[in-house]
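The values are calculated or read from the model by the stated rules, or taken from the named source; none is laboratory data. Please read all numbers here as calculations on a predicted model, not as lab measurements. With ideal geometry, Cβ positions are generated from the backbone for all residues, glycine too; neighbour counts draw on all protein chains shown. With ligands, DNA and RNA removed, areas are computed over all heavy atoms of the protein, side chains included. Shrake-Rupley method; radii C 1.70, N 1.55, O 1.52, S 1.80 Å.
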Amino acid sequence: MAPTANPPRPVRVWDLPTRLFHWSLAATIAVCFVSGKVGGNAMQWHFISGYVAFGLVVFRLAWGLIGGRWSRFASFIYGPGALLRYLKGRSRPDELIEVGHNPLGSFSVFALLGIVSVQVATGLVADDEIANTGPLWRFVSGETALDATAWHKGPGQWIIIGLVSLHVASIVFHRLKGHNLVLPMFTGDKPLPPGTPASADGLQQRLMALLLGAVVAALVNWVVSLGQL
């Protein structure tokens with residue numbers, strides 16, 4: 001058999017900050033869920049992990065504007081036409097859906113960022129009427145705090161678990177089809193055709209991410225401190 005004229009080569013798709021965000025959010029969601037179910041003294045970890053989730057979401061929203069090429073939202077915002085072509089298996093070559101997030105993966109990213117944002121917001125103002133209140137609960141009415149708590153402890157957490165389960169199922173499905181989506185999220189690279197544009201992932205981008213992370217951490221600390229004034 002003749003060798004392939006243009007064999008795939010490793011291309012940097014996921015920059016280091018995106019990879020760290022991905023695994024950190026996965027771990028944070030797990031800690032939030034388990035600590036919330038355990039209750040008692042574990043609730044301190046529930047609050048801490050919630051604040052971490054707050055910072056991670058804010059970081060990712062900003063990184064989606066200034067991060068590496070395939071981490072930017074502009075690279076995976078698809079219109080209805082692109083989604084329909086993808087579902088029919090007729091995506092155009094110029095759409096490069098095999099590089100970063102495909103249309104369904106894009107929906108998963110935006111849905112998860114959105115629901116985690118709502119979960120963080122409701123947690124900040126929650127009041128379980130027993131021993132735990134969010135740091136900003138006194139800035140809302142009692143009725144709003146109770147409604148937020150009901151969402152936070154009910155539909156919110158189960159929607160997140162549902163989205164995470166669909167994400168894992170998608171990874172397994174693609175693995176069975178011969179596409180490993182997990183390894184690139186560790187290494188940052190995917191085997192792709194020559195000429196595929198790569199994400200910038202050098203010292204400059206990583207220093208920028210560190211600076212952004214520091215700003216986000218200060219923002220989260222300030223918001224949390226409002227409840228201590």
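Residues of the stretch 113-135 being open to solvent by 30 Å² or more (accessible area, probe 1.4 Å) and either touching a Leu at 6+ places or on another chain (Cβ under 6 Å) or among the small types (G, A, S) (or both), which ones?
From the stretch 113-135, those open to solvent by 30 Å² or more (accessible area, probe 1.4 Å) are 114, 117-118, 121, 127-133; that's our starting set.
Across the stretch 113-135, the qualifying residues are G114, S117, A121, A131.
Scan the stretch 128-137 and tell me whether some residue there is among the polar types (S, T, N, Q) and touching a residue at least 12 places away in the same chain (Cβ under 8 Å).
yes
Check the stretch 168-175 and report whether any residue there is part of a helix (DSSP H, G or I), in contact with a helix residue (DSSP H, G or I) (Cβ under 6 Å, 6 or more places away or on another chain) and open to solvent by less than 40 Å² (accessible area, probe 1.4 Å). Don't jump to the end; show me each part of the working.
Quick first cut of the stretch 168-175, residues part of a helix (DSSP H, G or I) only: 168-175.
Next cut, in contact with a helix residue (DSSP H, G or I) (Cβ under 6 Å, 6 or more places away or on another chain) only: none.
Taking every residue of the stretch 168-175 in turn, none turns out to be part of a helix (DSSP H, G or I), in contact with a helix residue (DSSP H, G or I) (Cβ under 6 Å, 6 or more places away or on another chain) and open to solvent by less than 40 Å² (accessible area, probe 1.4 Å).
Any chance the stretch 12-35 includes a residue that's touching a Cys at 6+ places or on another chain (Cβ under 7 Å), surrounded by 13 or more Cβ atoms within 10 Å (Cβ to Cβ) and within 19 Å of G134 (Cβ to Cβ)? If you could, list the steps in order and put the result at the bottom.
Going through the stretch 12-35, the residues touching a Cys at 6+ places or on another chain (Cβ under 7 Å) turn out to be none.
No: the stretch 12-35 contains no residue that is touching a Cys at 6+ places or on another chain (Cβ under 7 Å), surrounded by 13 or more Cβ atoms within 10 Å (Cβ to Cβ) and within 19 Å of G134 (Cβ to Cβ).
Does at least one position in the stretch 11-34 carry a residue that is in a loop (DSSP other than H, G, I, E, B) and in contact with a Lys or Arg (Cβ under 7 Å, 6 or more places away or on another chain)? Step through it out loud before you land on a result.
From the stretch 11-34, those in a loop (DSSP other than H, G, I, E, B) are 13-15; that's our starting set.
Those left that are additionally in contact with a Lys or Arg (Cβ under 7 Å, 6 or more places away or on another chain): 13.
There is at least one residue in the stretch 11-34 that is in a loop (DSSP other than H, G, I, E, B) and in contact with a Lys or Arg (Cβ under 7 Å, 6 or more places away or on another chain).
Does I66 qualify as being touching a residue at least 24 places away in the same chain (Cβ under 8 Å) and of a type outside the set (D, E, K, R)? Don't jump to the end; show me each part of the working.
On the way: touching a residue at least 24 places away in the same chain (Cβ under 8 Å): yes; of a type outside the set (D, E, K, R): yes.
When the stated conditions are applied, I66 passes them.
Out of the residues in the stretch 176-197 that are assigned to a loop (DSSP other than H, G, I, E, B) and touching a Leu at 6+ places or on another chain (Cβ under 9 Å), which is surrounded by the fewest Cβ atoms within 10 Å (Cβ to Cβ)? Before the answer, list the steps.
Start the filter on the stretch 176-197 by keeping residues that are assigned to a loop (DSSP other than H, G, I, E, B), which leaves 177-182, 188, 193-197.
Filter once more, so that each one left must be touching a Leu at 6+ places or on another chain (Cβ under 9 Å): 188, 196-197.
On the way: G188: 20, T196: 17, P197: 14.
Ranking the qualifying residues of the stretch 176-197, first place goes to P197.
For the stretch 46-76, enumerate the residues that are open to solvent by 60 Å² or more (accessible area, probe 1.4 Å) and under 19 Å from T196 (Cβ atoms).
Across the stretch 46-76, the qualifying residues are R69, R72, A74.
Scan E143, E129 and give me the residue that is more than 24 Å from S106 (Cα to Cα), of a type outside the set (A, V, I, L, M, F, W, C), part of a loop (DSSP other than H, G, I, E, B) and out of contact with any Gly (no Cβ under 8 Å at 6 or more places or on another chain).
Numbers: E143 fails: part of a loop (DSSP other than H, G, I, E, B).
From the options E143, E129, the qualifying one is E129.
Looking at (1) open to solvent by 40 Å² or more (accessible area, probe 1.4 Å); (2) assigned to a helix (DSSP H, G or I); (3) over 30 Å from V223 (Cα atoms), which is the one condition that is false for A82?
Condition not satisfied by A82: (1).
Conditions tested, residue by residue: (1) in contact (Cβ under 8 Å) with a residue 60 or more places away in the chain; (2) among the aliphatic types (A, V, I, L, M).
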{"position": "R9", "(1), (2)": "yes, no"}
{"position": "R19", "(1), (2)": "yes, no"}
{"position": "H22", "(1), (2)": "yes, no"}
{"position": "T28", "(1), (2)": "no, no"}
{"position": "V34", "(1), (2)": "no, yes"}
{"position": "G39", "(1), (2)": "no, no"}
{"position": "M43", "(1), (2)": "yes, yes"}
{"position": "Y51", "(1), (2)": "yes, no"}
{"position": "F54", "(1), (2)": "yes, no"}
